[in-house]
Amino acid sequence: DTSYSVIDVDQQTIEIGQATPPGFKFFHGEFPNALPQNFTADLVLMQGLFPQIPDWKSMLRSMATVAKKYMTFSCNLRLEGSTLVDKDTSYAYYLDTEKRVYQVSHNIYEMKNFLCLKDIGARKISFFGYVTGEQGNNFRCVPHSKQIQGNILVEFFSDEEHKKLK
């Protein structure tokens, strides 16, 4: 039995989504606050949004709390230099608006080390990425050619295995 839960801050998007086939639950608001208390899911998926989150460590901890088996998220990674979080110098314009959104470039080693913390509970971390070249409407402190875009997949220890770690 498969069910899907979707969170979005835009009420109109929620209303459009509710016209989809049954089995989808929609929550209006921001993750994780829009979810019911003690909500869990086998997989937590965040596509396209993660590079826009300046408090990325708190977001990953929240995702790990909700995810029981896996979490996956898109990211912009760099091999050298520290993680960059600066809306004034590393941003994209949201769709056709004048609103700037962060384009955080994470240091791959900082990301890996953070995901290895005990409170995250990662059993396995996989990265799937590619270099895009100079394109798009994004302004970043790191040139596209020195950045890897892709997805990170985290597999978690089972509850029993995780308890043994603590």
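The values are calculated or read from the model by the stated rules, or taken from the named source; none is laboratory data. Source: prediction; values computed, not measured. Cβ sites come from the backbone with ideal geometry, for glycine too, and all protein chains shown count toward neighbours. Ligands, DNA and RNA are stripped out before the accessible areas are found, and what is left, the full protein with its side chains, is counted by its heavy atoms. Shrake-Rupley method; radii C 1.70, N 1.55, O 1.52, S 1.80 Å.
Residue pairs whose Cβ atoms lie under 7 Å apart, separated by 6 or more positions or on different chains, with the first residue in segment 123-146 and within 15 Å of GLU80 (Cβ to Cβ) and the second assigned to a loop (DSSP other than H, G, I, E, B) and at pLDDT 65 or above, are ARG140/SER90; ARG140/GLN103; ARG140/GLN147; CYS141/ASP86; CYS141/THR89; CYS141/SER90; HIS144/THR132; SER145/VAL131. Looking at ASP96, is it open to solvent by 80 Å² or more (accessible area, probe 1.4 Å), of a type in the set (Asp, Glu) and modelled with pLDDT of 80 or more? No. Those residues that are open to solvent by less than 60 Å² (accessible area, probe 1.4 Å) and either over 19 Å from ALA122 (Cβ atoms) or touching a residue at least 60 places away in the same chain (Cβ under 8 Å) (or both), I need them from segment 32-53; list them, please. Answer for segment 32-53, where residues must be open to solvent by less than 60 Å² (accessible area, probe 1.4 Å) and either over 19 Å from ALA122 (Cβ atoms) or touching a residue at least 60 places away in the same chain (Cβ under 8 Å) (or both): ALA34, LEU35, PHE39, GLY48, PRO51, GLN52. Considering (1) open to solvent by less than 20 Å² (accessible area, probe 1.4 Å); (2) farther than 25 Å from ASP159 by Cβ; (3) of a type in the set (Val, Ile, Thr), the lone condition that ILE108 does not fulfil carries the number (1).
Quick one: how many residues across segment 31-53 are assigned to a loop (DSSP other than H, G, I, E, B), among the polar types (S, T, N, Q) and within 15 Å of the chain's Cα centre (by Cα)? Matching residues across segment 31-53 total 1. LYS124 - would you say it is under 16 Å from the mean Cα position of the chain (by Cα) and either part of a strand (DSSP E or B) or on the phi < 0 side of the Ramachandran plot (or both)? No, not satisfied. Of the residues in segment 75-91, not one is touching a Gly at 6+ places or on another chain (Cβ under 9 Å), farther than 18 Å from SER126 by Cβ and assigned to a strand (DSSP E or B).
Among the residues of segment 9-30, those identified as in a strand (DSSP E or B) and open to solvent by 50 Å² or more (accessible area, probe 1.4 Å) are PHE24, LYS25, HIS28. Scanning segment 73-90 for residues being surrounded by fewer than 20 Cβ atoms within 10 Å (Cβ to Cβ) and either modelled with pLDDT of 90 or more or among the aromatic types (Phe, Trp, Tyr) (or both) gives a total of 1.
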